[in-house]
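The values are calculated or read from the model by the stated rules, or taken from the named source; none is laboratory data. No experiment lies behind these values; they were computed from the predicted model shown. Cβ placement follows ideal geometry from the backbone for every residue including glycine, while neighbour counts extend to all protein chains displayed. To get the accessible areas, we keep the full protein, side chains included, count just its heavy atoms, and leave off ligands, DNA and RNA. Shrake-Rupley method; radii C 1.70, N 1.55, O 1.52, S 1.80 Å.
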Amino acid sequence: MTEFTPVQSLLGGGLIGLAAVLLMALHGRIAGMTGILAGAFASQGDRGWRLAFLAGAVAAPALLAGLGGLRIAFDSPVPLVMTVLSGLLVGIGVTYSGGCTSGHGVCGMARLSRRSIMATLCFMLTAGLTVYVTRHLVGGM
Amino acid sequence: MALLSALLIGLVFGAGIAVSGMINPAKVLNFFDIAGTWDPSLAFVMGGALMVVIIGYRLVLRHAAPVFDWRFHLPQRRDIDLALLGGSALFGVGWGLAGFCPGGAIPAIGLMRPEPVLFVAAMIAGIAVAKTVQRGSAARSDNEQ
């Protein structure tokens, strides 16, 4: 069980949105984690801002928990092998679809991009089906 | 200045992921588990983010250019193709298996737990494999023409 947290979730979502707006206003870039990550590994192109953004994203929870004293709930309830398989599928999937929850789901949908709306519907549907199958059909994890 | 700006924006993004609960795979999985231990919180994450970005992009994109670049880099493609649908479907399956998405997993590395590190390493491997296959098929179709 996890607790229903509408206020924190709305607030956190607002911060994610603020980051996306700032990245567009200052750097002219879509705040898609997949695009930023893939570009950071590319041999050419502007890697500096990407690596700085990633460093900030990784540092934030550590700072909030360490200096801020915020309790950040974290529980990974599936076996590690499932997490690794999941990572492979996510990596392959996002490369073909050109975006994930932040890129298509937030930035693209906010621009009313048809591609992003279709991608978001698609990954929401298959994620829901996958959870239904793994939790209720092949027996609980 | 641009690097410091990107670092600070990354901090805001990561803080949003941590505060919203997107950082927690158990919470993500429960969002999708409507038939079980349903936790609708993540609908509020997306709702909150969308509200800010819909308004914010309108204000920002009125300007000629961003502060640290000479133009806005906006995706131009409009077509719905098999790669978009198949890729996002595959992403959804992976997301549903373990509850990590890229935007949630990378900040989660900061929690110093093994799962996000393994997930991100596997994801980078997946990206590398898919990019290699894409380059291979692009080279083949170039030869055919």
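Grab the DSSP H runs of chain B that are 4 residues or longer, score each as -39,500 (n - 2.57), total them, divide by all residues and round the 222 nm result to the nearest 500 deg cm²/dmol.
-23500 deg cm²/dmol
Would you work out which of B:Met46, B:His63, B:Leu97 lies farthest towards the positive end of the dipole of chain B, given +1 charges on the beta-carbon of Lys and Arg and -1 on that of Asp and Glu, about the Cα centre?
Farthest along the dipole direction, towards plus: B:His63.
Is segment B:88-145 best put as rounded, prolate or oblate by its Cα gyration tensor, with a ≥ b ≥ c the root eigenvalues, rounded for a/c under 1.5, and otherwise prolate when a/b is larger than b/c, oblate when not?
prolate
Dipole of chain A (Lys/Arg Cβ +1, Asp/Glu Cβ -1, origin at the Cα centre): which of A:Ser97, A:Gly14, A:Val81 lies farthest to the positive side?
Checked the options; the winner is A:Ser97.
What does the highest-first list of A:42-49, B:104-111 look like by mean Cβ count within 10 Å?
B:104-111, A:42-49
What does the accessible area per residue of the protein assembly as shown come to in Å², with a 1.4 Å probe and no ligands, DNA or RNA counted?
Per residue, the protein assembly as shown has an accessible area of 45 Å².
Ignoring ligands, DNA and RNA, what percent of the accessible area of chain A is carbon or sulfur (1.4 Å)?
70
How high is the relative contact order of segment A:13-96, in percent, with contacts defined as C-alpha pairs under 8 Å that are six or more residues apart?
15
If Lys and Arg each add +1 and Asp and Glu each add -1, what is the summed charge of the other residues whose beta carbon sits under 12 Å from the beta carbon of B:Asn24?
Net local charge, B:Asn24 excluded: -1.
What number, in percent, do you get for the relative contact order of segment B:1-91 if the mean sequence gap of Cα pairs under 8 Å and at least 6 apart is divided by its residue count?
Over segment B:1-91, the number comes to 14 percent.
Does segment A:9-98 come out rounded, prolate or oblate by the C-alpha gyration tensor, with a ≥ b ≥ c the root eigenvalues, rounded set by a/c under 1.5 and, if not, prolate when a/b is larger than b/c and oblate if not?
Oblate, because a/c is 1.5 or more while a/b does not exceed b/c.
Work out, step by step, the length gained on full extension between B:Trp70 and B:Met51: first 0.36 nm times the residue separation, then minus their alpha carbon distance; give nm to one decimal.
Going from the current span to full extension adds 4.2 nm.
Cβ under 13 Å from A:Pro61's Cβ, A:Pro61 left aside: what net charge do those residues give with Lys, Arg +1 and Asp, Glu -1?
With Lys, Arg at +1 and Asp, Glu at -1, the neighbours total +2.
Give me the Debye-computed log₁₀ of I(q)/I(0) at q = 0.08, 0.12, 0.16 Å⁻¹ for the protein assembly as shown, equal point scatterers on Cα only, no solvent, two decimals.
For the requested q values the scattering log ratios are -0.30, -0.69, -1.28.
Please identify every one of the chymotrypsin sites (Phe, Trp or Tyr not before Pro) in segment B:29-83 that sits in a loop by DSSP and has no more than 11 other beta carbons within 10 Å of its own beta carbon.
Sparse-neighbourhood loop chymotrypsin sites (Phe, Trp or Tyr not before Pro): B:Trp70.
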